[in-house]
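*Asks:* One structure, pasted below without further comment.
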Amino acid sequence: MPQIIVEDLVKTFQVAERTPGLAGAFRGLVKRSYRSIQALAGINFVLQPGELVGYIGPNGAGKSTTVKILSGILVPTSGRCEINGLTPWLDRQRHVADIGVVFGQRTQLWWDLPVIESFDLLRDIYRIPAGRYEKSRDELIDILDLAVLLDMPVRQLSLGQRMRCDLVASLLHRPSILFLDEPTIGLDAVSKLAVREFIKRINREEGITVILTTHDMDDIEALCDRIVVIGNGVIVSDGTLANLRHKLRGERRLKIEFEGEPEFNEPDVRIVSREGRVLHLAYYPQAVAATELIARITARYRVKDFLMEHPPIEELIAQLYRDNDIDQSAARTRRQTGLQA
């Protein structure tokens, strides 16, 4: 049975406009103009319990708006959303008791309090029984290695430390769904790896459904079994990374290190980049088989080493945006539906 059902979800914002200058300010007092911006234009998807889904798209595509609707913060203009049998914005108190939310640029911890006191306050807010709270708290603190941070005020934490504490805060009440909006933004490599491993672990071992929105394609490739791509307020792709690669013509990459620097010229092959004696080549299996291409190259050139690769996921997503006419700067402009007095 689906855990999350989204059908024809639409969200339109009314944004006030004002002519620059003092005269514009006075005119705005008498008659104000508004612009309608359609953040979501009828999206549909279904999630089963225990899925780990990457929800990606350019700035202004509608990712955060979707997460805010699913978590009960925003009310949609129209459409249906059902999570664990509840409508998030109508059954908000029961709904939030079974979800966790982490926004990478905001914290749910109290800025001037020690971390452990923030956890204790969340225990009271969620009315978690003492025994269950202590068990969850101690397990999460141990997994994310937070013991040395518990007595520090939140304002003194680094970004990576605060993010790990926010993850614990979102899971103290043991929710069945976790929404992560840019959870690794600004983190260093070590902190990113720690957060990724933790997300993977709670999904795999505890069956928590995770919806991850991010611009970091390494996060998506490392974590997500399913990728939903949104652009201009509509879903443009929904499937596995393998399906996405196949959908975008299935280009393959071949990295070859030569004994010298060759004058390379082969049909059915495109040179992506050159780094001294190393060439990054692109080809399509439909045009030439990998075995045939490698045999041809090794027969004509002195090859030291080679590696078969897929194109980086960033290139796949960029191509998908181009194919669907999705542009970061144009996304908001195309969703504007006009001015209303």
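The values are calculated or read from the model by the stated rules, or taken from the named source; none is laboratory data. Keep in mind it's a predicted model, so treat the numbers as computed, not measured. Here the Cβ positions follow ideal geometry from the backbone for every residue, glycine too, while neighbour counts run over all protein chains shown.
*Asks:* Pairs needed: first member in the stretch 102-120, outside the structural domain of Asp166 (by TED's automatic domain parsing); second member anywhere, of a type in the set (Lys, Arg) and surrounded by fewer than 16 Cβ atoms within 10 Å (Cβ to Cβ); C-beta distance under 8 Å; at least 6 residues apart or different chains.
*Replies:* none
*Asks:* All but one of (1) in contact with a helix residue (DSSP H, G or I) (Cβ under 7 Å, 6 or more places away or on another chain); (2) without any contact (Cβ under 8 Å) to a residue 60 or more places away in the chain; (3) part of a helix (DSSP H, G or I) hold for Glu292; state the number of the condition that does not hold.
*Replies:* For Glu292, the exception is condition (1).
*Asks:* Exactly one of these conditions fails for Trp110: (1) part of a loop (DSSP other than H, G, I, E, B); (2) surrounded by 14 or more Cβ atoms within 10 Å (Cβ to Cβ); (3) within 23 Å of the chain's Cα centre (by Cα). Give me its number.
*Replies:* Failing condition for Trp110: (3).
*Asks:* Another one. Of the residues that make up the stretch 12-35, is at least one under 19 Å from Val229 (Cβ atoms) and outside the structural domain of Phe103 (by TED's automatic domain parsing)? Walk me through it before giving the result.
*Replies:* Restricting attention to the stretch 12-35, the residues satisfying the condition of being under 19 Å from Val229 (Cβ atoms) are none.
So far as the stretch 12-35 goes, no, none of its residues is under 19 Å from Val229 (Cβ atoms) and outside the structural domain of Phe103 (by TED's automatic domain parsing).
*Asks:* Could you grab me the full set of residues in the stretch 250-267 that are assigned to a loop (DSSP other than H, G, I, E, B) and surrounded by 13 or more Cβ atoms within 10 Å (Cβ to Cβ)?
*Replies:* Initially, the stretch 250-267 is screened for residues assigned to a loop (DSSP other than H, G, I, E, B), giving 250-251, 259-267.
Once the filter is applied, which keeps residues that are assigned to a loop (DSSP other than H, G, I, E, B) and surrounded by 13 or more Cβ atoms within 10 Å (Cβ to Cβ), the stretch 250-267 yields Gly250, Glu251, Pro262, Phe264, Glu266.
*Asks:* Another question about this same structure. Test each condition in (1) surrounded by fewer than 17 Cβ atoms within 10 Å (Cβ to Cβ); (2) free of Cβ contacts under 8 Å to residues at least 40 places away in the same chain for Arg201 and report the one that comes out false.
*Replies:* The number of the failed condition is (2).
*Asks:* Look at the stretch 170-198 and say how many of its residues are small (Gly, Ala, Ser) and either surrounded by 21 or more Cβ atoms within 10 Å (Cβ to Cβ) or closer than 18 Å to Ser64 by Cα (or both).
*Replies:* Restricting attention to the stretch 170-198, the residues satisfying the condition of being small (Gly, Ala, Ser) are 170, 176, 186, 189, 191, 194.
Now narrow it down to the ones that are either surrounded by 21 or more Cβ atoms within 10 Å (Cβ to Cβ) or closer than 18 Å to Ser64 by Cα (or both): 170, 186.
Qualifying residue count, the stretch 170-198: 2.
Residue-by-condition table, conditions (1) assigned to a helix (DSSP H, G or I); (2) touching a helix residue (DSSP H, G or I) at 6+ places or on another chain (Cβ under 9 Å); (3) modelled with pLDDT of 90 or more:
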{"site": "Lys135", "(1), (2), (3)": "yes, no, yes"}
{"site": "Val148", "(1), (2), (3)": "yes, no, yes"}
{"site": "Gly160", "(1), (2), (3)": "yes, yes, no"}
{"site": "Asp166", "(1), (2), (3)": "yes, no, yes"}
{"site": "Phe198", "(1), (2), (3)": "yes, yes, yes"}
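Condition check ((1) of a type in the set (D, E, K, R); (2) more than 24 Å from Gly79 (Cβ to Cβ); (3) buried (at least 22 other Cβ atoms within 10 Å of the Cβ)) across all residues:
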position	(1), (2), (3)
Arg27	yes, yes, no
Lys31	yes, yes, no
Leu40	no, no, yes
Ile43	no, no, yes
Gln48	no, no, no
Glu51	yes, no, no
Ile56	no, no, yes
Gly60	no, no, yes
Lys63	yes, no, yes
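*Asks:* Just name the residue that is nearest to the chain's Cα centre (by Cα) out of those in the stretch 163-221 that are among the β-branched types (Val, Ile, Thr) and over 21 Å from Thr107 (Cβ atoms).
*Replies:* We begin by selecting, within the stretch 163-221, every residue among the β-branched types (Val, Ile, Thr); these are 168, 177, 184-185, 190, 195, 199, 202, 208-211, 213-214, 220.
Still in the running and over 21 Å from Thr107 (Cβ atoms): 209, 220.
Values: Thr209: 14, Ile220: 7 Å.
Within the stretch 163-221, the match that is nearest to the chain's Cα centre (by Cα) is Ile220.
*Asks:* Also, quick follow-up: Considering only residues of the stretch 181-196 that are assigned to a helix (DSSP H, G or I) and of a type outside the set (A, V, I, L, M, F, W, C), which is modelled with the highest pLDDT?
*Replies:* That would be Arg196.
*Asks:* Return yes or no: is Leu167 over 20 Å from Ile4 (Cα atoms) and in contact (Cβ under 8 Å) with a residue 60 or more places away in the chain? Can you show your working first?
*Replies:* Numbers: over 20 Å from Ile4 (Cα atoms): yes; in contact (Cβ under 8 Å) with a residue 60 or more places away in the chain: yes.
It is true that Leu167 is over 20 Å from Ile4 (Cα atoms) and in contact (Cβ under 8 Å) with a residue 60 or more places away in the chain.
*Asks:* Can you pull out every residue in the stretch 137-146 that is in a helix (DSSP H, G or I) and surrounded by 19 or more Cβ atoms within 10 Å (Cβ to Cβ)?
*Replies:* If we filter the stretch 137-146 for residues that are in a helix (DSSP H, G or I), which is where we start, we get 137-143.
Selection gives Arg137, Leu140, Ile141.
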